[in-house]
Amino acid sequence: MKILSVKDPAFRKYGRVVDNVALDDLVEAMKKTPVPEGVVYEPSVKELEELDAFEKLSTVVYGGMPIQIGYCNGHNTKLNALEYHRSSEHNIAVTDLVLLLAPQQAMEGFELDASCVQAFFVPAGTTVELYATTLHYAPCQANDEGFCSIVVLPRGTNAPLRYPAPADDGDGRLLFARDKWLICHNE
């Protein structure tokens, strides 16, 4: 698989690089978080949400919407699932990482041909917005050290559902958590 840069024009259909918000305090705080052998995702971390970056992200990037700041860290080299939300997600690369992305429009029913997935290198210190129509999941590591990524989403995203997922013919059967629709590989 060819790995493109997030600065490549091919990235534009999936998202954009955000460079109008300084997030140094957030990146520095993340350097203290664990990078396990597997992958860990924490949707909302109080210590990160108490930093100055929280207000900047809420007002400048999300237009005053309530947000959550969490992280996804670990070691990953494969594509085993993809998810989408009804709103944009912002990822801040604390370390170099690779995002595997596909357009939601490429889904045939509830399936996606893996050939539709593209890989994008995100250098450490870069913030990207992934549009709501972008299928994505945990980043892949760019080296043997693993990856460390900050994840910013509207408050409540990825929390457990408060009711059973709809079992209709629509994409309700993909609803895995609040504002999280998930497709997984058979394995």
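Nothing in this text is a laboratory measurement; each read-out follows from the coordinates by a stated rule. Predicted model only: the values in this text are computed from it and were never measured. In this analysis, Cβ positions are derived from the backbone assuming ideal geometry, glycine residues included, and neighbour counts consider all displayed protein chains.
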Size of electric dipole in region 47-187: Cβ of Lys, Arg +1 and of Asp, Glu -1, about Cα centre, debye, nearest 20
260 debye
In the P(r) worked out for region 41-104, what percent of Cα pairs fall beyond 19 Å?
42 percent
Where Cα atoms sit under 21 Å apart: lysine pairs in the chain separated by 8 or more or lying on different chains
8
Can you compute 3J(HN,Hα) from phi for each residue in region 23-38, using the Karplus curve 6.51 cos²θ - 1.76 cosθ + 1.60 with θ = phi - 60°, rounded to whole Hz and x for Gly and Pro?
10, 4, 5, 5, 4, 5, 5, 5, 5, 8, 7, x, 10, x, 5, x
How many percent of the alpha carbon pairs in region 15-64 exceed a separation of 15 Å?
56 percent
Under the rule a/c < 1.5 gives rounded, and otherwise a/b versus b/c splits prolate from oblate, where does region 29-140 land using the Cα gyration tensor?
oblate
Spelling it out for residue 5: with amide H atoms placed in the peptide plane at 1.01 Å from N, the residues 5 or more places away or on another chain with amide H under 5 Å from its amide H are 121
Note down the Stokes-Einstein diffusion coefficient of region 101-187 in µm²/s, whole number, using a Kirkwood radius over alpha carbon pairs, 10 °C, and 1.306 mPa s.
105 µm²/s
In Hz, Karplus ³J(HN,Hα) per residue of region 52-67 (6.51, -1.76, 1.60; θ = phi - 60°; x = Gly, Pro):
4, 4, 4, 5, 4, 5, 5, 7, 6, 8, 10, x, x, 5, x, 10
Cubic angstrom per residue, convex hull over Cα atoms of the chain:
122 Å³
Quick one: the Cα spread of region 88-147 along its three principal axes, in angstroms, biggest first?
36, 24, 13
